[in-house]
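See structure below.
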Amino acid sequence: MTHLKRAAAFTGTEIFSPFILATILLVGVPLSTGAGWLWQALVGVVAVVVIPWSLSLYMAHTGKVSDRFIYHRKQRYVFYGISLISIAVGTLILLIAPSAPATKSIITVMLLAILIIALVNFKLKASAHAGMSAVFGMVLPGLLGPWWIIASVIVHGTVCWSRWHLKKHTAPEIVAGSIIGVVLGAGHLWFVAGR
């Protein structure tokens, strides 16, 4: 049973990390819109994933933060600031350029997610893992069909359990991240449905 728990904790934290789930959405949403999807996905992935992920790895490697997921709340401010700039630039490019409305929406969701989590971070270390897995859980069935809600629940449940099991977040921090993600994911679905 311990081996199974370790595997589930690893999966929830590493395999379903915010960067990986964001990559899936930032490629999947543009891909579902048709022509021109590749450059839109590339802009989104570089702005939201490549630059922030590289930053977190660099900060962890140089000892500026505790680990690549930046466990300590007060160490997150520089990461959030630089990440917000990167994501804002990517969002601006996709909003100005002739890109698909769904692509504009999903990158805006990513920008709002990091902004809200950064602001909440002043009082509570909301779980970015739970937030991104909730966005993923809301958007995935909209992309692939209603049966994918099962996969969404499994992913989100595994992520939340792993963050709690590894003592990286408390239940309120996980709930806060989840609420942020559900609201933003629902907003994306509402926007796309109205187009």
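The values are calculated or read from the model by the stated rules, or taken from the named source; none is laboratory data. Everything numeric here is computed off the predicted structure, so don't read it as measured data. Because the Cβ atoms are built from the backbone with ideal geometry, glycine has one as well, and the counts that use them run over all protein chains shown. Remember, those area values only see protein heavy atoms, side chains included, never the ligands or the DNA or RNA. Shrake-Rupley method; radii C 1.70, N 1.55, O 1.52, S 1.80 Å.
List the relative contact order of the chain as a percent without decimals, with contacts defined as Cα pairs under 8 Å and 6+ residues apart. It rounds to 27 percent for the chain. On the protein heavy atoms, probe 1.4 angstrom, tell me the percent of accessible surface of the range 60-195 carried by carbon and sulfur. After summing per-atom areas, the C and S share lands at 75 percent. Within the range 5-99, the chymotrypsin sites (Phe, Trp or Tyr not before Pro) that combine a DSSP coil assignment with at most 16 other C-beta atoms in a 10 angstrom radius are Tyr71. Counting only protein heavy atoms and a 1.4 Å probe, the chain has 50 square angstrom of accessible area per residue.
Here the chain yields Rg over Rh of 0.96, to two decimals, using C-alpha coordinates and the Kirkwood radius.
Note on Leu4 and Gln75: the model spin-label points, each 7 Å out from Cα along the C-beta direction, lie 3.3 nm apart. Centre-to-centre separation between the Cα atoms of the range 15-32 and those of the range 33-58: 9 Å. Take each peptide in 121-131, 163-173, count the other Cβ atoms within 10 Å of every residue, and average; sorted highest first, the result is 121-131, 163-173. With the simple model of a label 7 Å out from the Cα in the direction of the Cβ, Ser66 to Val50 spans 3.1 nm. In this structure, Ala171 and Ala97 have a Cβ-Cβ separation that, at R0 = 45 Å, corresponds to a calculated FRET efficiency of about 0.60. Treating r as the C-beta distance of Thr33 and Leu115 and R0 as 25 Å, the FRET efficiency rounds to 0.55.
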